[in-house]
Structure formats: C-alpha cells, structure tokens
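Below is one structure, written out as structure tokens; comments come after it.
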Amino acid sequence: MVELLQYAKRCTDALRGDSAAETTYDAKPGTHLQLWLLVFAVVFPIAVAVIVSTKQTGVVTSLGDLLPGSYAVENYREALVDYQFGRFMWNSLAMSLVIVVGKLVVSVFAAMAIVYYRIPYKDLVFLVILFTLLLPVPVRFIPLFQLMNDLGWSNTILAITVPYIASATTVFILRQHFLSIPTSIVETAKLDGVGPLRFMLFVLLPMSKGVLVGVSIIMFVYAWNQYLWPLIIIDSEANQVAQVGLQLLQGDVQGGQLSWSLVMAGSTLTLLPPLLLMIVFRKPLLETFSIQQK
C-alpha cells in the first residue's frame with residue numbers, strides 16, 4: 001500500500017507538472033490595450049456599485065458622483081442588521097455548503113463507477129446523465145414544487161439543497177480527470193489487494209485534490225447565485241437567501257422606502273464570498289477548466 005501511494009504521488013506530481021507548464025507569447029501593444037479595455041469593462045460596474053454603496057442616497061447623475069462617500073459604515077451596518085441581510089447571507093452559505101458537499105459525494109461515486117467498473121451499457125448511462133443538461137431548469141419547477149410539498153420540505157433547507165445534489169457537469173469533469181490517471185495505478189492497487197473504497201480514499205482522491213477544489217468553487221458559485229427556485233419554494237423571509245434578499249431591497253426602493261446605496265451595499269456583500277474563493281483558489285480552478293476543455 002505504501003509503494004502504491006508513493007507511485008500515485010509521483011504520477012500526481014507529473015500530471016501537475018504538465019498542467020502547470022506555462023507558455024508565453026509576445027503580445028503587441030494593441031493586444032495589451034484590448035485586454036485592458038476588457039478588464040475595465042468588467043471591473044467598472046463593480047467599482048461603481050462599491051462607490052455608490054458609500055453614499056447617502058446612491059443617486060449618480062454626473063461624473064462627480066462617482067467619488068467615494070462617507071456613509072459606507074452606516075450603509076453596510078443598516079443592510080446587515082436593520083434589513084437582516086446578514087441572515088440572508090448565512091442562509092446562502094449554508095445552502096451552498098450543503099450543495100457542494102452533496103454534489104462532491106454523489107459525483108465522485110458516479111464518476112468512479114463509470115470509469116473503473118464494468119457496468120453494462122455504461123456509455124449509454126453516461127449519455128443519459130449528460131442528456132439531463134439539455135433539460136431547462138424552469139421546466140422541472142412545477143413537478144419539483146409538488147414533490148417538495150408532498151414530502152413536507154417546502155420552506156426548509158432541504159427544498160433548496162436536495163434537488164441540486166445530482167450534477168451531470170460535475171460527473172463529466174471528474175470522469176475526464178479520472179480517465180487521465182494512468183491505468184497502471186489501478187492495476188497496482190488490484191495486485192496489492194486494495195479495495196475500491198480504500199482506492200478511492202487513499203489514491204484517487206489525493207490525486208484529484210486540485211480538480212476537486214476547482215469543481216467545489218464552481219459548484220459554490222452556482223449554488224450561491226440561486227434565485228428563482230428559492231424565491232418559489234421559500235415562503236418565510238427569515239429563511240430566504242441573499243439573492244432573493246437583494247430583490248426584497250429593490251422592492252423597498254421602488255416603494256420609496258430605501259436608497260440605492262443600501263442595494264449596492266447588499267450587492268457588494270453578495271459578491272464577496274464567491275470572489276474571495278475564486279481569488280484564493282484560482283490555480284485549481286484554472287486546472288479544472290483545462291481538464292474540461294480536454
């Protein structure tokens with residue numbers, strides 16, 4: 001078993017060395033200018049939202065209004081405490097973590113079965129899994145809503161997490177990665193008498209740490225941005241998520257009870273968790289996208 005782990009580690013280092021290889025190109029000044037313009041187009045709306053969140057009313061009528069204000073602490077405190085946006089974010093965090101863990105468990109077992117087990121018509125099974133990607137999510141809302149009510153799960157965290165645990169995209173990414181692992185490792189594990197569960201826990205998962213982290217970030221961002229289904233299935237405002245909480249703030253704005261600065265404060269707070277995760281784990285995230293392209 002020790003020799004198998006050492007061999008798997010050497011293969012992992014080799015795979016990482018291949019994926020980490022960087023290629024540099026000489027770019028012309030015009031290319032740099034185009035890239036900076038694209039970056040500016042992406043960052044500018046976020047910067048405006050942050051600036052507006054520091055003002056008293058949040059109304060922008062001229063370029064002079066794009067200077068930072070002095071109401072940042074007051075606006076963020078009011079959004080988090082007075083309008084319970086902190087509770088909305090906590091609900092979104094709990095929902096996202098449950099979805100990520102559930103998807104990882106189901107997808108790892110599914111991808112491992114498709115790659116390493118002799119299952120009749122497993123290619124057809126995999127195609128059926130991919131076929132679920134062609135079904136628009138709103139099409140499933142009506143039967144899913146009825147099912148949640150029949151189970152008594154409406155207005156609970158189960159209703160906004162369990163329907164998202166199965167993921168064809170995650171199964172596809174993990175399958176592609178498992179296929180890139182040398183088959184000699186599997187054969188060595190069989191010769192050493194390593195069972196399927198031990199092989200998964202001590203060989204397969206350690207060799208897949210980067211991909212698992214990248215997939216987890218993708219799933220977290222996807223779960224964090226859920227809006228329509230929580231809006232439909234959650235009736236209690238206290239159990240709502242951050243994206244619906246933003247809509248509640250906008251409803252108050254339209255009623256004349258709240259300023260746009262609070263809405264931008266809520267938007268900035270909603271953006272922070274996925275943005276921080278993508279910055280911290282950018283390398284495994286890029287590795288995951290490269291595997292998906294292959």
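The values are calculated or read from the model by the stated rules, or taken from the named source; none is laboratory data. Everything numeric here is computed off the predicted structure, so don't read it as measured data. We place every Cβ from the backbone using ideal geometry, glycine too, and count neighbours over all the protein chains shown. These area figures cover heavy atoms from the full protein model, side chains too; ligands, DNA and RNA do not enter into them. Shrake-Rupley method; radii C 1.70, N 1.55, O 1.52, S 1.80 Å.
Would you mind getting the accessible area per residue of region 93-238, heavy atoms of the protein chains only, 1.4 Å probe, in Å²? Numbers along the way, then the final one.
Details: 7580 Å² over 146 residues.
Result: 52 Å² of accessible area for each residue.
What does a probe at Val137 reach in region 213-242, counting residues whose amide N is under 18 Å from the point 7 Å along Cα→Cβ?
Hits in region 213-242 for Val137 at 18 Å: 215-235, 240-242.
For a 23 Å ceiling on Cα separation, which of these pairs sit above it: Lys103/Lys209; Lys103/Lys283; Lys190/Lys283; Lys122/Lys190? Intermediate values should be presented prior to the final figure.
Numbers: Lys103/Lys209 15 Å; Lys103/Lys283 21 Å; Lys190/Lys283 33 Å; Lys122/Lys190 21 Å.
Pairs exceeding the cut-off: Lys190/Lys283.
With θ set to phi - 60° and the Karplus curve 6.51 cos²θ - 1.76 cosθ + 1.60, what are the ³J(HN,Hα) couplings of region 151-165 in order, to the nearest whole Hz, using x for Gly and Pro?
Values, residue by residue: 7, x, 9, 4, 6, 10, 5, 4, 5, 9, 10, 4, x, 9, 5 Hz.
Calculate one ³J(HN,Hα) per residue across region 94-99 by plugging θ = phi - 60° into the Karplus curve 6.51 cos²θ - 1.76 cosθ + 1.60, and present them in order as whole Hz with x for glycine and proline.
Listing the rounded values in order: 4, 4, 5, 5, 5, 5 Hz.
Convert each backbone phi in region 34-51 into a coupling constant with the Karplus relation 6.51 cos²θ - 1.76 cosθ + 1.60 (shift: θ = phi - 60°), then list the ³J(HN,Hα) values in order as whole Hz, x for Gly and Pro.
Each residue's phi maps through the Karplus curve to give 4, 5, 5, 5, 5, 4, 4, 5, 7, 7, 4, x, 5, 4, 4, 4, 5, 5 Hz.
Once the Cβ-Cβ distance between Leu275 and Leu191 is put in as r, and R0 is 51 Å, what FRET efficiency do you end up with, to the nearest 0.05? Spell out each step's value before the answer.
Numbers: r = 47 Å, r/R0 = 0.91.
In this case the efficiency is close to 0.65.
Divide the volume of the convex hull of the Cα atoms of region 136-213 by its number of residues and quote the answer in cubic angstrom per residue. Mind showing how you got there, number by number?
On the way: hull volume 10.7 nm³, N = 78.
Spelled out: Cα convex hull of region 136-213, divided by residues, is 137 Å³.
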